[in-house]
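S.K.: Before anything else, here's the structure in question.
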Amino acid sequence: MARQKPLKLYRNIGIIAHIDAGKTTTTERVLYYTGKKHQIVDVHDTKDGKGSTTTDYLEQERKRGITIQSAAVSTEWKGHQINVIDTPGHVDFTIEVNRSLRVLDGAVVVFDGVAGVEPQTETNWRLADQYNVPRMCYVNKMDRIGANFKHCVDGIRNRLGANAVLCQVPLGSHDEFIGMADLIAGLGYIWQGDDKDSKWESVPLDQVADHPKVKAFQSAADKEWVANLAALREQSIETAVEMDDDAMDAYLTSGEIPSLEKLKECIRKGCVAGKLVPVFCGSSYRNKGVQQLLDGVIDYMPFPGENGGISMVDEDGHVIGEQEVTDDAPVRALAFKVINDQFGTLTFTRIYSGVIKKGDTLQNVTRGKKERIGRIVEVQANATKEIDEVRAGDICAFVSLKETETGDSLTDPGHPVLLERMRFPDPVISVSVEPKSRNDVDKMSTALYKMVKADPSLKLEVDKETGQTVLKGMGELHLEITIDRMRTELGVDANMGKPKVSFREAFGNTVEHTYTHKKQSGGSGQFAEVKMIFEPGEPGSGVVFSDEIVGGRVPREYIPAVQHAIEVESRQGQVAGYEVLDFKARLVDGKYHDVDSSALAFEIAARQCFREAQRMSKPKLLEPIMSLEVVTEADYLGDIIGDVNRRRGSVSDQGQKGPQAFVQGFVPLAEMFGYINFLRSATSGRGTFTMIFDHYEEVPANLVDKLMEKEAK
């Protein structure tokens, strides 16, 4: 079957933002205005559990009014197919944004018009930088009290470092938000009402100031935007033409404004190359601006492959080439998400090249296994529609793949190649998990394995000392929801223990130590001596092994055994059994015996040398330090700051975000359990907070025993 739509008419986009900026509300409007659904459901109407938005269909999402897992939907707008992924904004679920951005061609970054750039927006922006994803900005909630478009744009330019081109500016704000001025088209769009089917009138830009609704503006800031429309349009045009030498020359020489098509072409060129970020505005909840945003997606977001294909890598992750997005090439696809439920496994996959049909066999290059493609489905949030084939540029799901996990490369068996890997964050918090009854032990293990397979930011371990099953994740909410989803999706009840912190250890001082391993008990013996220097490294430097043997004091064939021993032993330190970070291990001397020495003997010697040297170095215990931002009313600031200090934290900044006040600082994770309960009671339920892992820091010596005691309980 031939391709139904040219690749140029596809857009694969994600909607990303900080929590509560309006991503899901915007997605609902997109589906309504593109004719995909005929009724709008608002997020605040789902908490009774009776209804749900299209993309927030999980029971946990409806109850909490937040997005927990990314959901894909497909729709059409003006002849273009738009595949949209609505992503979570909560820091605990950053993995969902991470893996979505990995396979998307563009992203719409949604901003709360009052709060502007928020912490999770910055995290998501950095992820988009990492994966080279072109972006456009949508300043939402312009109808809210305190909405400040300038504050938001300044944040985009200064905090995110983006070269923002204003495609739209708002006409009015709060109760007087009536529409927006399109600086590129030279038109003002003024809505007749807030209804979802309300029409708007298009007014030439030079006549906007004379419109009765605009004349009635009370706010000086809103009047100023209108007064500056001509100058703002000029600035946007200048920024746009800088992307095209011919357009720039013509504009500078004759002063003639390029045609609308040429302007859009220039902005698109800059956006796809990552040099420009178009900025739009509106109020999704009040049904203003979503249609114009969709036009912007078609005008400025890249089609699959327009900003390059996907890198192919060797086993060490080094780039060895690039696969273009085309049907006329061997199949290359990336599995970016796995969902498990009672009915089986759905493996979400982005096709980069080739054509995949039902019944085809693909090679899972990551795991060296073959996978037969039984059923292929197009996903509409929690609904699926069977299809017979998928082509380059498509996002689909394969049903019941047995071996494939998140991040795996699926290719034509005759042309196997690894695609660029995803990068996942390390878990920072762990809890013990126990079955509700003894009969559920096996069921719980299977369910936990499925959850971990679906979410790479979860890790599962068995504590060697206690025998407990330990689940590690990104935060309390992340772990709580994982256990809850096991109940609702897989029918397995489990009890969650008290959260534990992932501490780390480090060398306190440089230590030079010699260890001799000697064993003689009949027959051939064991002998190895190593002299090593262990030096503390810079934060983030990792474990570095340096072979400094001269003159064959330790034979070459035994040195890998020494290196392996250090790498393995560093996973369990001598203070409390936590991983040892950031040190350099220098093998400077040693002795061997022609008969009794072996790789095993040198491995044992190196292990013991490491253990004794770490104990001698006055080792440090390190704890995760979180970057904290609290947003609340100014009246509660004193209590918030006092509490941060009580939790061994430090305040780095405070100020205003619209009518709200904020406090930023750094606090040890060990002191933050149950913080939401304190915040709710201290702020009468009005405060919100965001917490992101920042770095590891030494635990004060007088608190080590106390913290270890607390962890052991």
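S.K.: Apply the Karplus parameterisation 6.51 cos²θ - 1.76 cosθ + 1.60, with θ equal to phi minus 60°, to every residue of the stretch 204-218 and state each ³J(HN,Hα) to the nearest whole Hz, in sequence, with x for glycine and proline.
M.R.: x, 4, 6, 10, 4, 4, 8, 5, x, 5, 6, 4, 7, 4, 9
S.K.: Can you list the HN-Hα couplings for the stretch 128-136, worked out from phi with the Karplus curve (6.51, -1.76, 1.60; θ = phi - 60°), rounded to whole Hz and with x for Gly and Pro?
M.R.: 5, 4, 4, 9, 6, 9, x, 10, 10
S.K.: Measuring from label point to label point, each 7 Å out along Cα→Cβ, what is the K385 to E461 span in nm?
M.R.: In this crude spin-label approximation the distance works out to 4.6 nm.
S.K.: If the viscosity is 1.567 mPa s and the temperature 4 °C, what Stokes-Einstein diffusion coefficient in µm²/s follows for the stretch 132-215 when Rh is the Kirkwood radius over Cα pairs?
M.R.: It comes out at roughly 92 µm²/s.
S.K.: Please list, or write none, the lysines whose alpha carbon is within less than 30 Å of the alpha carbon of K519, excluding same-chain residues fewer than 8 places away.
M.R.: K464, K531, K584, K591, K618
S.K.: Which net charge results for the neighbourhood of G305, defined as the other residues with beta-carbon distances under 9 angstrom from its beta-carbon, given Lys and Arg at +1 and Asp and Glu at -1?
M.R.: Summing Lys and Arg as +1 and Asp and Glu as -1 gives -3.
S.K.: Moving to a separate point now. So what's the gap between the Cα centers of the stretch 228-269 and the stretch 611-675, to the nearest angstrom?
M.R.: If you average the Cα positions of each part, the centres end up 47 Å apart.
S.K.: Under a point spin-label approximation (7 Å from Cα along Cα-to-Cβ), what is the D440-R646 distance to one decimal in nm?
M.R.: 3.5 nm
S.K.: Please give the charge dipole size of the chain, origin at the Cα centre, charges +1 on K and R Cβ atoms and -1 on D and E Cβ atoms. Round to the nearest 20 debye.
M.R.: 1540 debye
S.K.: Pulled fully out, how much extra length does the chain show between T326 and H174, if you take 0.36 nm times their separation in residues and subtract their Cα-Cα distance?
M.R.: Result: 50.0 nm gained on full extension.
S.K.: Rounded, prolate or oblate, given the Cα gyration tensor of the stretch 255-307, with a/c below 1.5 counting as rounded?
M.R.: In terms of gyration-tensor shape, oblate.
S.K.: As I understand it, the value is the acute angle between the Cα axis of helix 229-241 and the longest principal axis of the Cα atoms of the chain; what does it come to in degrees, rounded to 10?
M.R.: 50 degrees
S.K.: Just to compare against my own numbers: the Cα pair-distance distribution for the chain, 10 Å bins, whole % per bin, please.
M.R.: That works out to 3, 13, 20, 23, 20, 13, 6, 2, 1, 0, 0, in percent per bin.
S.K.: Per-residue HN-Hα couplings for the stretch 664-680, Karplus 6.51 cos²θ - 1.76 cosθ + 1.60 at θ = phi - 60°, whole Hz, x for Gly and Pro?
M.R.: Each residue's phi maps through the Karplus curve to give 10, x, 10, 9, x, 4, 4, 9, 9, 5, x, 4, 4, 5, 4, 4, 4 Hz.
S.K.: Would you mind calculating the gained length between T516 and S546 on full extension (0.36 nm times residue separation, minus the Cα-Cα distance), in nm to one decimal?
M.R.: That works out to 8.8 nm of additional length.
S.K.: Quote the FRET efficiency, to the nearest 0.05, computed for D635 versus E224 with a Förster distance R0 of 30 Å and r equal to the Cβ-Cβ distance.
M.R.: 0.50
S.K.: Report in % the part of the accessible area of the chain that belongs to carbon and sulfur, leaving out ligands and nucleic acids; probe 1.4 Å.
M.R.: Carbon and sulfur: 47 percent of the exposed surface of the chain.
S.K.: Taking the highest mean first, how do the peptides 367-374, 476-483 order by number of other beta carbon atoms within 10 angstrom per residue?
M.R.: Per-residue Cβ counts within 10 Å, averaged per peptide and sorted highest first, yield 476-483, 367-374.
S.K.: Once the Cα atoms of helix 637-646 and of the chain are each reduced to a long axis, what angle between those two axes, in degrees from 0 to 90 to the nearest 10, is obtained?
M.R.: Compared with the principal axis, the helix lies near 10 degrees.
S.K.: When ranked by the protection proxy of mean other Cβ atoms within 10 Å per residue, highest first, what sequence do the peptides 268-274, 217-223 form?
M.R.: 268-274, 217-223
S.K.: I've got another one for you. Using only alpha carbons, build the gyration tensor for the stretch 97-250 and give me the equivalent ellipsoid semi-axes, biggest first, whole Å.
M.R.: Equivalent ellipsoid semi-axes, largest first: 28, 21, 14 Å.
S.K.: Something else: Any idea what the relative contact order of the stretch 623-713 is, in percent, if you count C-alpha pairs under 8 Å spaced at least 6 apart?
M.R.: The value is 41 percent.
S.K.: Could you please tell me the mean projected area of the C-alpha convex hull for the stretch 434-575, averaged over all directions and given in square nanometres to one decimal?
M.R.: The directionally averaged projection comes out at 13.7 nm².
S.K.: Considering the options M486, V667, A397, tell which one lies farthest towards the positive end of the dipole of the chain, charges being +1 on Lys and Arg and -1 on Asp and Glu at the Cβ, about the Cα centre.
M.R.: The Cα lying farthest towards the positive end belongs to M486.
S.K.: Solvent-accessible area per residue for the stretch 181-250 at a 1.4 Å probe radius, Å²?
M.R.: Dividing the accessible area of the stretch 181-250 by its residue count gives 54 Å².
S.K.: Using mean Cβ contacts within 10 Å as the protection proxy, how do 21-34, 347-360 order, highest first?
M.R.: Peptide ranking by packing, descending: 21-34, 347-360.
S.K.: Could you let me know the centre-to-centre spacing of the stretch 490-508 and the stretch 286-327, using Cα atoms, in angstrom?
M.R.: Taking the Cα centre of each part, the stretch 490-508 and the stretch 286-327 sit 37 Å apart.
S.K.: Using a 7 Å offset from the Cα along the Cα-to-Cβ direction at both R487 and D154, what is the distance between the two label points in nm, to one decimal?
M.R.: 4.7 nm
S.K.: Something else: What is the distance in Å between the Cα centres of the stretch 361-390 and the stretch 161-194?
M.R.: 42 Å
S.K.: Once the Cα atoms of helix 441-454 and of the chain are each reduced to a long axis, what angle between those two axes, in degrees from 0 to 90 to the nearest 10, is obtained?
M.R.: Long axis of 441-454 versus the principal axis of the chain: about 60 degrees.
S.K.: Which percent of the Cα-Cα distances in the stretch 608-713 go past 24 Å?
M.R.: 35 percent
The values are calculated or read from the model by the stated rules, or taken from the named source; none is laboratory data. Computed from a predicted model, the values in this text were never measured in an experiment. Backbone-built Cβ (ideal geometry, glycine too); neighbour counts: all protein chains shown. What goes into the accessible areas is simple: the full protein's heavy atoms, side chains included, and nothing from ligands, DNA or RNA. Shrake-Rupley method; radii C 1.70, N 1.55, O 1.52, S 1.80 Å.
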